[in-house]
1. Which one of these does residue 224 not meet: (1) part of a loop (DSSP other than H, G, I, E, B); (2) assigned by TED's automatic domain parsing to the domain that holds residue 174?
2. Name the residue that is nearest to residue 348 (Cα to Cα), counting only residues in the range 188-225 that are surrounded by fewer than 21 Cβ atoms within 10 Å (Cβ to Cβ) and in contact with a helix residue (DSSP H, G or I) (Cβ under 6 Å, 6 or more places away or on another chain).
3. Read through the list (1) outside the structural domain of residue 493 (by TED's automatic domain parsing); (2) within 27 Å of residue 472 (Cβ to Cβ), then give the number of the only condition that residue 404 fails.
4. Exactly one of these conditions fails for residue 86: (1) within 22 Å of residue 178 (Cβ to Cβ); (2) outside the structural domain of residue 211 (by TED's automatic domain parsing). Give me its number.
5. List the number of the failed condition for residue 179; all other conditions in (1) surrounded by fewer than 24 Cβ atoms within 10 Å (Cβ to Cβ); (2) closer than 22 Å to residue 417 by Cβ; (3) touching a residue at least 12 places away in the same chain (Cβ under 8 Å) hold.
6. Evaluate the following for residue 70: is it in a loop (DSSP other than H, G, I, E, B), touching a strand residue (DSSP E or B) at 6+ places or on another chain (Cβ under 7 Å), touching a residue at least 60 places away in the same chain (Cβ under 8 Å) and under 27 Å from residue 263 (Cα atoms)?
7. May I ask you to say which residue of 68, 45 is under 18 Å from residue 200 (Cα atoms) and surrounded by fewer than 21 Cβ atoms within 10 Å (Cβ to Cβ)?
8. From 472, 489, 422, grab the single residue that is surrounded by 16 or more Cβ atoms within 10 Å (Cβ to Cβ), closer than 30 Å to residue 144 by Cα, in contact with a helix residue (DSSP H, G or I) (Cβ under 6 Å, 6 or more places away or on another chain) and assigned by TED's automatic domain parsing to the domain that holds residue 378.
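The values are calculated or read from the model by the stated rules, or taken from the named source; none is laboratory data. It should be emphasised that the depicted structure is a prediction, and the values quoted were computed from it without experimental measurement. All Cβ positions, glycine included, derive from the backbone under ideal geometry; neighbour counts span all protein chains shown.
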């Protein structure tokens with residue numbers, strides 16, 4: 001454990017977040033440089049290649065779909081009023097059809113939050129046919145204080161924008177438009193604008209259907225649509241939040257023409273591993289994961305167009321590199337094997353993690369846990385640690401014991417409404433059935449006043465998240481990352497030496513997938 005040092009984490013972070021890597025875009029030069037660097041480090045440390053054909057690279061076939069700035073969207077409101085929306089200022093998004101141009105013209109239906117959740121007796125699509133229509137909705141989900149109803153304050157997957165698009169397609173909609181508000185999205189419009197850059201998509205099969213447009217409307221544009229039925233955006237949201245909500249047609253016809261640049265994307269996960277010492281145990285593995293990608297080169301902000309992604313997620317990659325080096329240096333390895341995965345296209349919807357979970361180095365039923373590292377603040381050590389989701393697994397007592405050893409309190413998620421469990425790569429592993437969660441830095445910084453953690457989060461989220469200003473600084477304090485890397489390393493070693501098979505706790509949403517994987521192994 002003494003091998004793990006904050007200054008080494010600094011060196012990796014500085015390089016991975018440098019302008020030389022051009023924001024680590026997927027399927028472009030910067031991303032290739034990042035993966036070559038990570039693979040070279042793995043080889044230098046002596047880890048075995050876990051990718052394709054004896055390499056460190058697992059190819060992930062994707063399609064890049066980039067909307068052009070000539071994209072057009074307009075609405076004709078009953079009575080003849082026409083509104084033309086400005087690209088990126090009032091609307092943004094992509095087509096999922098993966099062709100040079102997508103067009104649509106269809107009537108709109110307001111479907112609240114766009115959720116069908118029979119277990120909560122909630123169906124926003126009840127009694128309405130949206131086939132061939134444009135569905136208009138809010139992201140997030142009905143507010144709740146009860147854990148038994150949409151997870152209480154914690155956002156479930158039903159609240160994620162990815163679910164909204166998936167469900168709209170299942171219901172036969174031609175397009176889906178999300179009405180943006182900062183509280184429902186969890187971030188401002190400047191972040192949403194990023195959804196209008198190149199999107200890494202899974203290639204469509206033959207006649208597979210897709211949304212002609214998956215997009216967002218700004219608060220100003222949303223007010224125009226709400227006004228068509230004599231409401232404000234806030235009033236529409238209140239309707240959507242009310243039990244018994246009924247979807248309603250809007251007196252609006254949307255017309256869109258979305259020209260796209262479409263290309264085959266050559267991208268890859270970096271996979272390396274270390275064999276366990278036990279003849280039987282080495283057939284099982286724990287996994288560490290972090291996404292190497294960020295947003296590449298995009299729209300210029302304050303003279304800068306490189307989205308470096310220093311916090312998100314050069315930090316997590318750097319920490320994995322240090323943990324891998326420490327693990328490789330052990331004179332006696334633990335009984336189980338360990339896999340280090342650096343995945344691609346997290347920013348486009350966890351594409352790389354999804355691919356690895358479908359084609360893992362070790363079978364899902366032989367994978368004990370995924371410990372994910374994503375975005376760490378450079379403000380020093382904390383008295384607490386974030387482990388959202390660990391309590392849902394049978395590894396929880398082990399997690400608690402390691403936290404006690406490090407004298408770290410495990411605090412509840414300070415921002416459950418953000419739905420972080422469904423926003424990072426561990427979610428892909430969880431869907432496959434693998435017990436998985438992220439290890440996050442704490443919120444109570446040593447030597448800092450009360451509320452400091454909340455303050456830096458708000459500042460980062462509003463000013464730097466998915467912006468060119470997420471850049472490395474020599475003034476950064478890496479002691480907190482060293483602290484969290486040591487914790488993650490110790491937790492992984494402990495689990496790797498256990499003999500019991502981990503799973504999800506009773507009634508957890510991922511337990512059925514785990515049970516299937518254990519039968520299939």
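1. (1)
2. 188
3. (2)
4. Going through the list (1) within 22 Å of residue 178 (Cβ to Cβ); (2) outside the structural domain of residue 211 (by TED's automatic domain parsing), residue 86 breaks only (2).
5. Against the list (1) surrounded by fewer than 24 Cβ atoms within 10 Å (Cβ to Cβ); (2) closer than 22 Å to residue 417 by Cβ; (3) touching a residue at least 12 places away in the same chain (Cβ under 8 Å), residue 179 comes up short only on (1).
6. Values: in a loop (DSSP other than H, G, I, E, B): yes; touching a strand residue (DSSP E or B) at 6+ places or on another chain (Cβ under 7 Å): yes; touching a residue at least 60 places away in the same chain (Cβ under 8 Å): yes; under 27 Å from residue 263 (Cα atoms): yes.
Yes, satisfied.
7. 68
8. The conditions single out 422.
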